[in-house]
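Each remark here refers to the structure printed beneath this line.
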Amino acid sequence: MAENDRWDSEFDVVIAGAGGAGLAAAIEAAEAGARTAVFEKQGKIWESSTAINVGMVAFAGTDVQQRLGIEDSSELLYQDLLAVGNNKNDPSLVRAYADHQLDTYGWLKDLGVRWAEIATAAAGMSRPRGHFSDPLDMVRILKRQAEQRGATVLFHSAITELITDNQQRVIGVQMRDRVNETRIRARRGVVLATGGFAHSADRLAALDRRFVGLAATTGLGHTGDHLRMAEPLGAYFCDMEYVKPSYELHVTGDSAAEICLVFYLGAIIVNRHGRRFVNESIPYKDIGMASLDQPDGVGVMVFDQKIFDTAVENTRKASSVIPSENVVLGLDAARIRLLVQADTIEELADGIHVPRQVLKETVGRYNNSVASGADTEFGRSHLSASIGNPVRIETPPFYAYEAKSHFLATYAGLAVDASMRVLTDAGHIPGLYAAGEAIGGFHGASYHSGAAVGQALIFGRIAGRNAAQGS
Ligand SMILES: Cc1cc2nc3c(=O)[nH]c(=O)nc-3n(C[C@H](O)[C@H](O)[C@H](O)COP(=O)(O)OP(=O)(O)OC[C@H]3O[C@@H](n4cnc5c(N)ncnc54)[C@H](O)[C@@H]3O)c2cc1C
């Protein structure tokens, strides 16, 4: 769409999407004195992925970690992010995360976000650095803070097109609300903070036929509008080849409340034949790919009373600040109801419909490998990434959690530089920024837990500041 003289309204900075990235961008843009508007396609503040996620954010060197005696640093986080991304991630984006993460943690605290007094280990971490807050609380705080700085936040308002001038600079957007289509001028910049594309069946199917029919638990607005709008302007995409579902959702589940990561506390994962098929300490995205090739796409977490007790204790500790359903490294009452329980491994096998003898042998072999310190089958040497020692599954009663892969994010998208300018082969698109799950290049080949909300907030802030400069 080309420029003409008629605008229905004007702002300095226009932001598409009222999730973590968009609202963080709005606060920074408004703080910098820009007249700022956020347009959100969905109807309510609680419909973004940031609002419905489980609330784990990766920060290093925080006061919580210090009080828990965990030594961590931005540099270690930087190294871990590159390692888990198999060095396929853009080091300048990873550096931007590492450099700005601690400041963003403090910024959030100053805005009123409360963090639980725990730091958990999950995918890709060499230190326990998963920090938890109540995600819905967080987006409400961000929205309020953006509005207090003068930003306008409107719902039921989808950005449908980018408007450029003759020099291909983005100078505004087309917006559709429940009544009208309007043209909105963005004097300094437009930020695409529209999330990923887990609800675009066509894009997922084009990447891998095995993705067809998998559940998507992201915000419903994740339809890849940013890709559709920016590609005609020359934007290119990063990390598309690394899009993977995550393994962890109960076979009957459809939301964060049925996500369970007890394998990072020591559970093994077996298929419908009763056999292990993966190293359970690797990132859940990689387990997600492995489980796609198992019968019915199912992996069953198998564990004992010791692991159960640890998980229940995790929930108890974290639920003083965050909703108990968000403690994915724990077990709350609802998850406990989804467990199959039995006094012996043989009876557990009956409960999950796998051959008794095979499951007994699988658990026996695993226990021997824990005792000998060498998992010759799958190479598990830790509970999660490089943290914690595997434990024997031997204390009755025994438990099983039947799970499958799903898309909780796509983690691939628009190529950006460390200023969050949207890139083309020839440079960048003037006036256009992106942040959050809309971008690619940050995660690389796999995923470090908590880095998705982290980057939405950190990169959203950077995008908002730069858009306000019109740089
Ligand atoms: C169940 C679940 C659990 C998760 N757990 C974690 C976790 O513990 N830690 C972690 O780091 N990550 C987690 N993630 C991933 C993480 O939540 C997201 O990657 C991150 O919140 C994305 O932030 P965002 O601002 O980019 O997107 P969102 O927060 O989804 O915001 C994007 C918004 O843009 C809107 N939008 C889309 N298109 C348009 C348009 N054209 N016009 C206007 N608005 C539009 C969408 O409706 C949406 O509200 C989880 C995700 C899910 C679904």
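A few comments on the model shown:
- Residue pairs, from the table LYS360/LYS404; LYS143/LYS244; LYS306/LYS404; LYS41/LYS317, whose Cα atoms sit over 29 Å apart: LYS143/LYS244; LYS41/LYS317
- Shown is the FRET efficiency for ALA374 and SER320, computed with R0 = 35 Å from the Cβ-Cβ distance and rounded to the nearest 0.05: 0.30.
- Summing Lys and Arg as +1 and Asp and Glu as -1 over all other residues whose Cβ lies under 13 Å from the Cβ of SER74 gives a net charge of -3.
- Projected label distance in nm at SER381 and GLN167, using a 7 Å step from Cα toward the beta-carbon: 5.6
- Model label sites at ALA205 and SER9, defined 7 Å from Cα along the beta-carbon direction, differ in position by 3.7 nm.
- Translational diffusion coefficient of the chain (Stokes-Einstein, Kirkwood radius from Cα pairs, 10 °C, 1.306 mPa s): 70 µm²/s.
- Ordering VAL328, VAL54, VAL179, VAL212 by the number of other Cβ atoms within 10 Å of each residue's own Cβ, fewest first, gives VAL179, VAL212, VAL54, VAL328.
- Simple Cβ-charge dipole of the chain, Lys/Arg +1 and Asp/Glu -1, about Cα centre, in debye nearest 20: 380
- Ordering ILE70, GLY234, LEU93 by Cα displacement along the dipole of the chain toward the positive end leaves GLY234 in first place; charges were set at the Cβ atoms of Lys, Arg (+1) and Asp, Glu (-1).
- Cα gyration tensor shape for the range 118-216, rounded if a/c is under 1.5, else prolate or oblate: oblate
- Lys/Arg +1, Asp/Glu -1 at C-beta; the range 246-407 dipole; positive extreme among ALA334, SER319, ALA256: SER319
- Quarter of the Cα convex hull surface for the range 246-407, i.e. its orientation-mean projected area (nm²): 8.4
- 3J(HN,Hα) couplings calculated from phi for the range 239-248 with the Karplus curve 6.51 cos²θ - 1.76 cosθ + 1.60 (θ = phi - 60°) are, in sequence order, 6, 4, 6, 9, 5, 9, x, 9, 9, 2 Hz; Gly and Pro show x.
- Taking LYS44, LYS109, LYS285 and counting other C-beta atoms within 10 Å, the order from fewest to most: LYS44, LYS109, LYS285
- Separation of the range 27-65 and the range 81-109, taken as the distance between their Cα centroids, equals 16 angstrom.
- Rough spin-label spacing in nm, given labels placed 7 Å along Cα→Cβ, for GLU313 and SER73: 3.1
Here, each number is a calculation from the coordinates, and none is a lab measurement. Values in this document were obtained by computation on a predicted structure and should not be read as measured data. Virtual Cβ from ideal backbone geometry, glycine too; neighbours counted across all protein chains shown.
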